[in-house]
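S.K.: Input: one structure, supplied below.
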Amino acid sequence: MSNNFLTELTIIILTYKTNKEILYNCLNSIDKRVKIKIIENSKNFENQDEFLKKFPNLSIDCTGENLGFGKGNNFGFKRTNTKFALALSPDTILDKNFFENVKIYLDGSLEFSVLGVNFYEEEIKRTGHLSYGYFTKKSYEKKFNDTLIEVDWIIGCAVIVNLSKFEDKFVFDENIFIYFEDFDLCKSLTRNGKKVFTSKILYIKHIGDSSSISIIPELKSASNKFRNWHWRWSEFYFYKKNYNYLYALRKCFLKLLKFPVMMIYYKITLNNEQFDGNKYGFLGLFNSIIGKKSSYRI
């Protein structure tokens with residue numbers, strides 16, 4: 001590939017009424033030579049003309065409804081003409097050397113389906129979260145080369161996708177509305193003998209829980225209900241799909257019993273926030289167990 005490697009990359013940013021300042025911070029961290037495509041998961045993107053004027057490399061498409069994470073990103077992938085796409089959460093900021101470093105992965109010598117990123121050391125210490133991991137405790141870090149590690153899964157806030165490896169650019173399972181899409185994608189790839197990598201030199205800052213309505217104070221309660229419902233629904237679905245139903249039931253059965261007990265306790269102690277968290281976690285898990293679709297919406 002020539003030095004114009006950036007022409008083979010499109011950044012897909014999935015938004016849903018995302019805070020303006022957060023989105024600006026993300027866009028300002030992106031190299032001006034890279035095509036950016038915002039996919040707004042609703043009928044209307046506010047301040048569209050303002051954003052398009054400020055970022056000439058930007059285009060905006062609205063899905064018409066909230067399709068969720070996987071289907072929304074797939075919507076964007078299908079409208080992307082470059083070989084590579086970076087699915088990027090809007091509540092992220094890319095390192096100043098990100099685009100200089102990414103070129104070594106886009107030159108055609110590395111055959112990959114998906115490629116993950118890295119978090120700053122101080123962020124890892126603060127949150128305790130890595131940007132990658134393994135499905136079994138027995139797994140150990142497998143160095144692929146000086147900049148890459150072969151892993152079982154990568155976090156979904158920033159995923160470089162080689163679209164040529166996916167038929168019809170269908171990447172994420174659209175049955176999952178939100179949560180566990182990244183685990184599911186990686187599990188599907190590794191099950192089919194494909195490698196999942198993460199880069200040690202592609203750094204991002206991930207704010208977390210700030211990409212949509214969760215930062216609006218008056219909607220915090222609704223957002224927490226939404227998160228608890230979908231996390232538990234997707235967790236059971238992931239285990240059922242990638243292992244089997246009995247395995248999923250065994251992994252989640254204690255939670256199914258625990259949620260009603262905690263609901264009673266928090267009802268008695270008048271802790272409405274914790275009551276709702278357990279209630280909606282139970283409802284999400286129960287709906288997934290009985291085979292209902294991921295249907296809960298705010």
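The values are calculated or read from the model by the stated rules, or taken from the named source; none is laboratory data. What you see is a predicted model, and the numbers here were worked out from it, not measured in a lab. Please note: Cβ atoms are built from the backbone with ideal geometry, for glycine as well, and neighbour counts cover all protein chains shown.
S.K.: Is it true that N278 is surrounded by fewer than 13 Cβ atoms within 10 Å (Cβ to Cβ) and either within 30 Å of G116 (Cβ to Cβ) or of a type outside the set (D, E) (or both)? Break it down stepwise before answering.
M.R.: On the way: surrounded by fewer than 13 Cβ atoms within 10 Å (Cβ to Cβ): no; either within 30 Å of G116 (Cβ to Cβ) or of a type outside the set (D, E) (or both): yes.
So N278 fails the test.
S.K.: While we're looking at this one, here's another question. Being in a helix (DSSP H, G or I) and under 23 Å from the mean Cα position of the chain (by Cα) is the requirement here; does S288 meet it?
M.R.: Here the answer is yes, as S288 does meet what is asked.
S.K.: Continuing with the same structure: Between L106, L86, which is at pLDDT below 95, within 20 Å of D31 (Cβ to Cβ) and in contact with a strand residue (DSSP E or B) (Cβ under 7 Å, 6 or more places away or on another chain)?
M.R.: L106 is the lone residue from the list that is at pLDDT below 95, within 20 Å of D31 (Cβ to Cβ) and in contact with a strand residue (DSSP E or B) (Cβ under 7 Å, 6 or more places away or on another chain).
S.K.: So, one more: Those residues that are closer than 23 Å to E8 by Cβ and over 18 Å from the mean Cα position of the chain (by Cα), I need them from region 53-79; list them, please.
M.R.: Those that are closer than 23 Å to E8 by Cβ and over 18 Å from the mean Cα position of the chain (by Cα): F55, P56, N57, L58, S59, I60, D61, R79.
S.K.: Let me ask you something else. For region 80-119, which residues satisfy the criterion of being more than 20 Å from the chain's Cα centre (by Cα) and β-branched (V, I, T)?
M.R.: Passing the criteria: T82, I104.
S.K.: Also: Give me a count of the residues in region 215-227 that are modelled with pLDDT of 55 or more and surrounded by 14 or more Cβ atoms within 10 Å (Cβ to Cβ).
M.R.: The qualifying residues number 7.
S.K.: Under 7 Å between Cβ atoms, which residue pairs at least 6 apart in sequence (or on different chains) link something in region 162-180 that is under 27 Å from H230 (Cα atoms) with a partner that is basic (K, R) and modelled with pLDDT of 95 or more?
M.R.: K169/K78; E174/K71
S.K.: For N44, all conditions in the list (1) in contact (Cβ under 8 Å) with a residue 24 or more places away in the chain; (2) surrounded by fewer than 16 Cβ atoms within 10 Å (Cβ to Cβ); (3) polar (S, T, N, Q) hold save one; what is the number of the exception?
M.R.: (1)
S.K.: Would you pick out the residues in region 225-257 that are under 21 Å from T190 (Cα atoms) and hydrophobic (A, V, I, L, M, F, W, C)?
M.R.: F236, F238, A248 - these are the residues of region 225-257 that are under 21 Å from T190 (Cα atoms) and hydrophobic (A, V, I, L, M, F, W, C).
S.K.: Do you know which residues across region 269-281 are more than 23 Å from the chain's Cα centre (by Cα), not in a loop (DSSP other than H, G, I, E, B) and not polar (S, T, N, Q)?
M.R.: Taking region 269-281 first, the residues more than 23 Å from the chain's Cα centre (by Cα) are 269-276, 278-279.
From what's left, not in a loop (DSSP other than H, G, I, E, B): 272-276, 278-279.
Listed by number, the residues that qualify are E273, F275, D276, K279.
S.K.: A follow-up question, please. Quick check on region 113-158: of everything there that is assigned to a helix (DSSP H, G or I) and not charged (D, E, K, R), which residue is surrounded by the fewest Cβ atoms within 10 Å (Cβ to Cβ)?
M.R.: T127
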